[in-house]
Amino acid sequence: MKIWAHRGCSQRYPENTLTAFEKAVNLKGLTGIELDIQLTKDGEVVVFHDEKVNRTTNGIGDLKSFSMRELRKLQIDAGNEQTERIPTIEEVFDLLEGYLKQGLQLNIELKNGIYPYEGMEQKIIDMVYRRGVQDSIVYSSFYARSLEKIKKIDTHAKIGVLDEKVSDCLYKMRGGCGADALHPHWKGMDLSLQNLQGMTVRAWFDGHLYPDKPTGTRLDLQKLEEKGITDVFLNEPEVYL
Ligand code: G3P
Ligand code: CA
């Protein structure tokens, strides 16, 4: 089973922050890191999960209504009176570039299922190529049309199609979105192993994010493999490596 850090090490550290990514790169045996991107009002690519800033920062409102300058002022509570800021993708590349050139992978999820963020595909692909890390990137989105755009811009792009059920991922893949991997929810494995033969199936999990306390539950990765899952995006990859 290949293990990815979902939004970084997001059970013990605030998700999608430089700290969560820094903790992840130090894990031996980690396949890759997953993160989410959106655009600010003035078109900067930032790493953030929710469309609203309310849950994880001290701000209120849609992320897309903040300029980069305004977004910088928001604080993410990191415990022990420490705070973090929402990182730009460039800051994350500064941290990860060397690791990506040595084989670590990065799954960039375009969070454009609700707001389409016009032009985000071209922006992120340009940044990836400027860094020379294109061979280590997997793009993903729930929005199949965005994946089509990525494939059109970069025919070599590796793409994972997101949905709840693996059958819906497959349906979108066969619809021509350009994906070469399926990214279902781990409980959405509604196809038999035979139907998934030879496919890359990267399953994602929800819940159990910082600042919730670790639950201590352990997944049976063997059982997940038997369902056809090849990779898992875990909030707590450090427990399995
Ligand atoms: O990319 C897998 C997973 O991250 C999708 O769900 O809500 O955690 O972004 P979410
Ligand atoms: Ca994600």
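The values are calculated or read from the model by the stated rules, or taken from the named source; none is laboratory data. Everything numeric here is computed off the predicted structure, so don't read it as measured data. All Cβ positions, even for glycine, are placed from backbone atoms using ideal geometry, and neighbour counts span all protein chains on display. Accessible surface is based on the protein model in full, side chains and every heavy atom, while ligands, DNA and RNA are left aside. Shrake-Rupley method; radii C 1.70, N 1.55, O 1.52, S 1.80 Å.
So that you can scan it fast, the table gives a plain yes or no per residue for (1) crowded, with 23+ Cβ neighbours inside 10 Å; (2) more than 17 Å from residue 96 (Cβ to Cβ); (3) out of contact with any Gly (no Cβ under 8 Å at 6 or more places or on another chain); (4) touching a residue at least 40 places away in the same chain (Cβ under 8 Å):
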residue	(1), (2), (3), (4)
7	yes, no, yes, yes
10	yes, no, yes, yes
31	no, no, yes, yes
47	yes, no, yes, yes
61	no, yes, yes, no
68	no, yes, yes, no
84	no, no, yes, yes
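Those residues that are within 17 Å of residue 233 (Cα to Cα) and either β-branched (Val, Ile, Thr) or open to solvent by 20 Å² or more (accessible area, probe 1.4 Å) (or both), I need them from segment 105-142; list them, please.
Listed by number, the residues that qualify are 105, 108, 111, 137, 138, 142.
Scan segment 150-191 for residues that are over 15 Å from the mean Cα position of the chain (by Cα), within 16 Å of ligand 2 (Cβ to nearest atom) and farther than 20 Å from residue 226 by Cα and jot them down.
150, 179
Quick one: residue 98 ticks every box in (1) more than 26 Å from residue 152 (Cβ to Cβ); (2) not in a helix (DSSP H, G or I) bar one, so which box is it?
So residue 98 meets the others, but not (2).
Residue 91 passes all but one of (1) open to solvent by 30 Å² or more (accessible area, probe 1.4 Å); (2) within 16 Å of ligand 2 (Cβ to nearest atom); (3) touching a residue at least 24 places away in the same chain (Cβ under 8 Å); (4) within 21 Å of residue 6 (Cβ to Cβ); which number fails?
Of everything listed in (1) open to solvent by 30 Å² or more (accessible area, probe 1.4 Å); (2) within 16 Å of ligand 2 (Cβ to nearest atom); (3) touching a residue at least 24 places away in the same chain (Cβ under 8 Å); (4) within 21 Å of residue 6 (Cβ to Cβ), residue 91 misses just condition (2).
Out of the strands (runs of 3 or more DSSP E) lying entirely within segment 1-71, which hold 3 or more residues that are of a type in the set (Lys, Arg)?
Where strands (runs of 3 or more DSSP E) fall fully within segment 1-71, none carries at least 3 residues being of a type in the set (Lys, Arg).
If you check every pair at least six apart or on different chains, which have Cβ atoms under 8 Å apart with a residue in segment 108-129 that is over 15 Å from residue 89 (Cα atoms) first and a residue that is of a type in the set (A, V, I, L, M) and part of a helix (DSSP H, G or I) second?
112/120
Looking at (1) open to solvent by less than 60 Å² (accessible area, probe 1.4 Å); (2) within 16 Å of ligand 1 (Cβ to nearest atom); (3) closer than 21 Å to residue 105 by Cβ, find the lone condition where residue 2 falls short.
(1)
Looking at 26, 54 in this structure, which one is at pLDDT below 95 and more than 12 Å from the chain's Cα centre (by Cα)?
Among 26, 54, only 26 is at pLDDT below 95 and more than 12 Å from the chain's Cα centre (by Cα).
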